[in-house]
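Just below is one structure, and these are the notes that go with it.
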Amino acid sequence: MSDKTAITLLGLGDMGSALGRAWLAAGHSLTVWNRTAAKVEPIVAEGARAADSAAEAVASATGPVVLCLLDDDSVGEVLEGADLQGRDLVNLTTGTPEQARKRASWAGERGARFLDGGIMAVPPMIGRPETGAYVYYSGDRELFERHREALEVPARAEYVGEDAGHAALHDIALLSAMTGMFAGITHAFALVAGEKELDLARFGGLLADWLQAMAGMSHEMAAHLASGNYTEGVTSNLAMMSAANESLLTTARDQGVDARLLAPYMELMRTRVEQGHGDEGLAGIVSLISRR
Ligand SMILES: NC(=O)c1ccc[n+]([C@@H]2O[C@H](COP(=O)([O-])OP(=O)(O)OC[C@H]3O[C@@H](n4cnc5c(N)ncnc54)[C@H](OP(=O)(O)O)[C@@H]3O)[C@@H](O)[C@H]2O)c1
């Protein structure tokens, strides 16, 4: 018998299946359940045990019960009717911070401990530490510590606090930053895509390098927001950047590109300059868009 933590996994979509395979590969015993039975067969062939129902899977769990379902509603549906008393729930289903907090209270009312997780990876990165995959966890610290070794198997585990909503908040914040980055990449390609002489593959590589170099700006913003001094050690000041935006907008127009992906952010930069903060970096824009 293995002395490794036994895992119960509810949900065998693309991500759930990848998680399950990582635990099996690391020698953990694995009990699985999925709404559509066809997805259970392949992983059972690899050594997992199939539970008859979600309730049976939960009832027989001796270790963490991991949920990797589509959304928070499906978590409620799948766990309805299961006896959660004394169970350790680890919810790796993407949701909002508020959903995670409500789900934590909901679990607590049913006698379960609760840990929420936000997966910063796509399925092929799971079980491959070299990819940099990790999962944010928040909620019951004791649960996290107890199962930490098993939780570290599919991807590095980053515990971010007792507030069950904080894993989702980190997850959503990173995805939001990614969305802005994708908008910038889309605009950049729209500018160059019509130019016959340009090698788009080369351009893509140069763009990726540039974005990587600029990503360090998040450290400067963190320092400014923490100190409240938005002008200290500014690398590029807002007045200069806002003035340069005119060239960006003119070039977009000349290239026949709609600048709607950039315009709202540029508008905020201009507003902050007009308010007399041209010597700052970008941190002041946080206060322009925050209601608290
Ligand atoms: N894939 C990614 O790149 C990725 C990355 C990070 C985080 N995530 C998160 O991981 C979670 C799972 O993603 P996935 O890629 O595995 O999605 P998926 O392939 O679409 O699988 C969804 C899973 O949820 C189940 N499900 C949906 N509605 C249900 C319901 N009402 N009752 C019971 N089961 C239900 C599905 O069961 P059936 O098989 O019966 O349909 C399936 O097991 C999501 O919250 C997603 O945001 C995914």
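The values are calculated or read from the model by the stated rules, or taken from the named source; none is laboratory data. Predicted model, so just to flag it, every value in this text is computed and none were measured. When we count neighbours, we look across all protein chains shown, and the Cβ atoms used for this are built from the backbone with ideal geometry, even at glycine. Each accessible area value is taken on the protein alone, full model and side chains, heavy atoms only, with ligands, DNA and RNA left out. Shrake-Rupley method; radii C 1.70, N 1.55, O 1.52, S 1.80 Å.
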Note down the Stokes-Einstein diffusion coefficient of the stretch 1-74 in µm²/s, whole number, using a Kirkwood radius over alpha carbon pairs, 4 °C, and 1.567 mPa s. 108 µm²/s
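Sort SER74, SER60 from largest to smallest accessible area, using a 1.4 Å probe on the heavy atoms of the protein chains.
The residues order as SER60, SER74, largest area first.
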The chain: percent of C-alpha pairs farther apart than 24 Å? 60 percent
Here FRET efficiency (C-beta to C-beta, ALA215 to THR186, R₀ 25 Å, nearest 0.05) is 0.90
Could you give each residue of the stretch 143-154 its phi-based ³J(HN,Hα) in whole Hz, using Karplus coefficients 6.51, -1.76, 1.60 with θ = phi - 60°, and x for Gly or Pro? 4, 4, 5, 4, 10, 3, 4, 5, 5, 6, 5, x
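Give me the mean projected area, in nm² to one decimal, of the convex hull enclosing the Cα positions of the stretch 149-292.
Dividing the Cα hull surface by four gives the mean projection, 11.9 nm².
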Which of the peptides 204-214, 154-164 is most tightly packed, and how do the rest follow, going by the mean number of other Cβ atoms within 10 Å of each residue? 154-164, 204-214
Solvent exposure ordering (accessible area, 1.4 Å, most first) of THR94, THR5, THR62: THR62, THR94, THR5
Can you bin every Cα-Cα distance in the stretch 125-224 into 5 Å intervals starting at zero and give me the percent of pairs per bin, rounded to whole numbers? 2, 10, 13, 15, 17, 14, 11, 8, 5, 3, 1, 0
Peptides 109-121, 75-87, 251-263 ordered by average Cβ neighbours within 10 Å, highest first: 109-121, 75-87, 251-263
If we count every other residue with Cβ under 14 angstrom of MET125's Cβ, Lys/Arg +1 and Asp/Glu -1, where does the sum land? +1
Just by accessible area at a 1.4 angstrom probe, what is the order of PHE182, PHE144 from largest to smallest? PHE182, PHE144
Listed residue (ALA259, ASN91, THR36) projecting farthest to the positive dipole end of the chain, Cβ model: THR36
Compute the distance from the alpha-carbon center of the stretch 170-185 to that of the stretch 191-211, in whole Å. 21 Å
Nearest-20 debye value, the chain charge dipole, Cβ charges on Lys, Arg, Asp, Glu: 180 debye
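Can you compute the FRET efficiency between ALA263 and SER227 using 1/(1 + (r/R0)^6), with r the Cβ-Cβ distance and R0 = 35 Å? Round to the nearest 0.05.
With a Förster radius of 35 Å, E is 0.70.
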Charge tally in the Cβ shell below 14 Å around ILE7, where Lys, Arg are +1 and Asp, Glu are -1, ILE7 excluded: +1
Net lengthening on full extension, ARG292/ASP52 (0.36 nm per residue, minus Cα-Cα): 81.6 nm
Cα gyration tensor of the stretch 114-153 - equivalent ellipsoid semi-axes, whole Å, descending: 20, 11, 6
Compute the label zone of ASP163 within the stretch 88-110: residues whose backbone N is under 14 Å from the point 7 Å along Cα-to-Cβ. 97-102
Report, to the nearest 10°, how far helix 14-25 tilts away from the longest principal axis of the Cα atoms in the chain, using its own Cα long axis and a range of 0 to 90°. 60 degrees
SASA check, GLU56, accessible area w/ 1.4 Å probe, all protein chains in place, rounded to nearest 10 Å², comes out at 50 Å²
